[in-house]
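Undergrad: Structure provided below as structure tokens; questions to follow.
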Amino acid sequence: MPPTAEHLQQTTGTLHTLSGDETILVNPADGRFFSLTPPGDLAWATFAHPRTAAEVTTFVLAHFQETPADAPAAVRAFLDQLQAAGLLEAVAVPAKNQAPLERPARGERGAFVAPRLEHGTPRPSC
């Protein structure tokens, strides 16, 4: 069965950890590291399983009491940045194999703030 839409997931081997309210990611292909600002953490966590950009955008925005008109575009731009940085990869997933997303209680995070992918500077090796 062909995929219903382009699905993305965390690139195999990507390392990630939490540091305070930031999620730190390391690209396995080139060693670059990045930090995600909230609500980028929500988007990143959903990509543990294959998801479409539309699914993730809807999921992320459902966490906020207030979402400006440009919020969907801000989330989509963030997802494009993750993919361009090699942190998300496209995968083929038959519709019957999609894991469901649990819906959050609406507005648990207050007003929407656009997520950012910030590039880190690697430490020199000794």
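Undergrad: Could you work out how much longer the chain between Ala111 and Thr37 gets when fully extended? Use 0.36 nm per residue separation minus the Cα distance between them, nm to one decimal.
TA: Values: separation 74, 0.36 × 74 = 26.64 nm, distance 1.44 nm.
Result: 25.2 nm gained on full extension.
Undergrad: Assign one of three labels to segment 7-95, namely rounded, prolate or oblate, based on the Cα gyration tensor with a ≥ b ≥ c the square roots of its eigenvalues; rounded applies when a/c is under 1.5, prolate when it is not and a/b is larger than b/c, and oblate otherwise. Provide the component values of the computation, followed by the final result.
TA: On the way: a/c = 1.89, a/b = 1.23, b/c = 1.54.
Since a/c reaches 1.5 but b/c is at least a/b, the shape of segment 7-95 is classed as oblate.
Undergrad: Give me the net charge of Leu8's neighbourhood, meaning all other residues with Cβ under 9 Å from the Cβ of Leu8; Lys, Arg count +1, Asp, Glu -1.
TA: Values: positive: Arg51; negative: Glu6, Glu89.
Residues near Leu8 contribute -1 overall.
Undergrad: Give me the net charge of Ala43's neighbourhood, meaning all other residues with Cβ under 14 Å from the Cβ of Ala43; Lys, Arg count +1, Asp, Glu -1. It would help to have the intermediate numbers written out before the result.
TA: Numbers: positive: Arg51, Arg76, Arg109, Arg116; negative: Glu22, Asp41, Glu55, Asp80.
It works out to a net charge of 0.
Undergrad: Quick one: which residues, 5 or more positions from Leu88 or on another chain, have an amide H under 5 Å from its amide H? H modelled 1.01 Å from N in the peptide plane, none for Pro or chain starts.
TA: Thr11, Gln83
Undergrad: Decide, for segment 44-87, between rounded, prolate and oblate: order the square roots of the alpha carbon gyration tensor eigenvalues as a ≥ b ≥ c, take rounded if a/c falls under 1.5, and otherwise choose prolate if a/b is larger than b/c, else oblate.
TA: Details: a/c = 2.49, a/b = 1.45, b/c = 1.71.
Oblate shape, in that a/c is at least 1.5 and b/c is the bigger or equal ratio.
Undergrad: Further question: Using R₀ = 30 Å, calculate the FRET efficiency as 1/(1 + (r/R₀)^6) where r is the Cβ-Cβ separation of Asp70 and Ala92; round to 0.05.
TA: Values: r = 31 Å, r/R0 = 1.04.
E between Asp70 and Ala92, to the nearest 0.05, is 0.45.
Undergrad: Once each part is reduced to its C-alpha centroid, what is the distance from segment 10-28 to segment 37-87 in angstrom?
TA: Taking the Cα centre of segment 37-87 as reference, the centre of segment 10-28 is 15 Å away.
Undergrad: What distance in nm lies between label points placed 7 Å from Cα along the C-beta direction at Thr58 and Asp80?
TA: 2.2
Quick note: the coordinates plus some simple rules give every number you see, no bench work behind them. Treat the numbers as computed from the prediction; the structure is a model and nothing was measured. Glycine also receives a Cβ, built like all others from the backbone with ideal geometry; neighbour counts cover every protein chain displayed.
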